[in-house]
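Data block below; observations after.
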Amino acid sequence: MRRQMQEILPGLFLGPYSCSKDLELLQQNAITHIVSIRDSSEKKILRPRFPEHFQYFEIEVSDSPNERLIPHFPQAKSFIDNALYNGGRVFVHCNGGISRSPAFVVAYVMETVKMDYQQAYSYVQNRRFCMNPNEGFKVQLKEYEPIYSARDSISGHQYTPGEIERQAVRRPAPDDDDP
């Protein structure tokens, strides 16, 4: 199973990079969109192979516990939602389909299906047994639940990724001279 892709939700697949190079496999599964997660050192190797056949969304993050994934979750979700809403089917991959791409799919499942971290993690793992995001990614997934929940509940307003980034910018500290 490690070298295969699995359907996690209807139309949402998860797996290793090797599947993204198999045009016949992608077409058999009616894939229309691909989320490619890689770090800068993998850019020349893990590249889009069939841009004439699929719409790609590339995310540059390393498989390091210190890498920040949360800022990328809203854009990935938007890309996947757009594809699925328009009848597409999405394949999400990193190099091995073990750490980075499963973390993104768990975040997507959490937010879309409204599962907590543990439920979403178990749900995805029951479909892709070999997944194992690094510990830093697991911590971030746990931290993400109240972030998207709060964002969704604020006045029912749906924020765009740009609005989320602007909201996250900290205000400057007050001057010490203030009385």
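Remarks
- Hull shadow area, averaged, segment 17-99 [alpha-carbon convex hull, nm²]: 5.5
- The chain - percent relative contact order, Cα under 8 Å, separation 6 or more: 25
- Within segment 7-152, DSSP assigns beta bridges of which about 10% are antiparallel (rounded to the nearest 5).
- Alpha carbon centroid spacing (whole Å) that separates segment 1-31 from segment 97-136: 16
- Given 77/142; 21/138; 21/114; 44/142, the pairs whose alpha carbons are separated by over 24 Å: 21/138; 21/114; 44/142
The numbers here are math on the coordinates, done by the rules we state, and not lab data. Only a predicted model underlies this, so the values are computations on that prediction, with no experimental measurement involved.
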